[in-house]
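Novice: I'd like to ask you about the structure that follows.
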């Protein structure tokens, strides 16, 4: 399954949640509401989740192996960095 599009929908530099992302796979399936979050020492990707009646959060969609998780996270963070640079260079675009 290949990533065919990544869209950074929102960039918020003043918050721990830096961006909301949508990823398209094989031009056939899109996953919305993936978050780029600032952790203690690095950025990480949080998959879309919902709160259960017990108060815990469960992922709605997520990679099931470490290779896919790593590839997805790398692609999203690379696209986020590119979008961040573009926003800095063209703040009114």
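Novice: Return the residue satisfying two criteria in turn: it lies in the stretch 31-59 and is touching a residue at least 24 places away in the same chain (Cβ under 8 Å) and either in a loop (DSSP other than H, G, I, E, B) or more than 9 Å from the chain's Cα centre (by Cα) (or both), and of such residues it is nearest to residue 84 (Cα to Cα).
Specialist: Step by step, filter the stretch 31-59, then rank; the result is 43.
Novice: Which one of these does residue 67 not meet: (1) outside any loop (DSSP other than H, G, I, E, B); (2) in contact with a helix residue (DSSP H, G or I) (Cβ under 6 Å, 6 or more places away or on another chain)?
Specialist: Exception for residue 67: condition (2).
Novice: Looking at the stretch 23-37, which of its residues are surrounded by 11 or more Cβ atoms within 10 Å (Cβ to Cβ) and either at pLDDT below 90 or touching a strand residue (DSSP E or B) at 6+ places or on another chain (Cβ under 8 Å) (or both)?
Specialist: Hits for the stretch 23-37 are 23, 24, 25, 30, 31, 32, 33, 34, 35, 36, 37.
For (1) at pLDDT below 90; (2) touching a helix residue (DSSP H, G or I) at 6+ places or on another chain (Cβ under 7 Å), each residue gets a yes or a no:
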residue: 2; (1), (2): no, no
residue: 39; (1), (2): yes, no
residue: 43; (1), (2): no, yes
residue: 46; (1), (2): no, no
residue: 49; (1), (2): no, no
residue: 76; (1), (2): no, no
residue: 81; (1), (2): no, no
residue: 93; (1), (2): yes, no
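Novice: Output the residue which, of all residues in the stretch 9-22 that are over 8 Å from the mean Cα position of the chain (by Cα) and not in a loop (DSSP other than H, G, I, E, B), is surrounded by the most Cβ atoms within 10 Å (Cβ to Cβ).
Specialist: The extreme case among them is 18.
The values are calculated or read from the model by the stated rules, or taken from the named source; none is laboratory data. Owing to the predicted nature of the structure, the values given are computational and were not obtained by experimental measurement. Counting neighbours? That spans all protein chains shown, and the Cβs are built from the backbone with ideal geometry, glycine included.
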